[in-house]
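A.B. asks: Attaching a single structure in structure tokens format; questions to follow.
The values are calculated or read from the model by the stated rules, or taken from the named source; none is laboratory data. Given the structure is predicted, the values throughout are model-derived calculations rather than measurements. For neighbour counting, all protein chains shown are included, and Cβ atoms are generated from backbone atoms with ideal geometry for every residue, glycine included.
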């Protein structure tokens, strides 16, 4: 699981990408924990969408642990909450709240 805290902006997105790229093909389910994120920008959204597309292409899953309401609102406004898989807590991995096939 990759946990992100604070502002998930262009600078943090580059750091997160460097953390994730070496491991994304080593796990069947890549879990990104957004619970400690206070801000999310378009760079972070781009990275999340790209990670999800890569996971789908490789027959794997990207699961996001839902962040605070102000962070999750960005996913709702962009309608990505209908495309991406979210759980409320890492222990909920067996029960995805949304993901299109």
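A.B. asks: Just to confirm my filter: which strands (runs of 3 or more DSSP E) fall fully inside the stretch 15-101 and include at least 1 residues that are closer than 13 Å to residue 4 by Cα and in contact with a strand residue (DSSP E or B) (Cβ under 8 Å, 6 or more places away or on another chain)?
C.D. replies: On the way: elements: 29-40, 61-65, 85-87.
Strands (runs of 3 or more DSSP E) meeting the threshold: 29-40, 61-65.
A.B. asks: Against the definition (within 11 Å of the chain's Cα centre (by Cα), at negative phi and either surrounded by fewer than 18 Cβ atoms within 10 Å (Cβ to Cβ) or at pLDDT below 95 (or both)), how does residue 46 come out, yes or no?
C.D. replies: So residue 46 passes the test.
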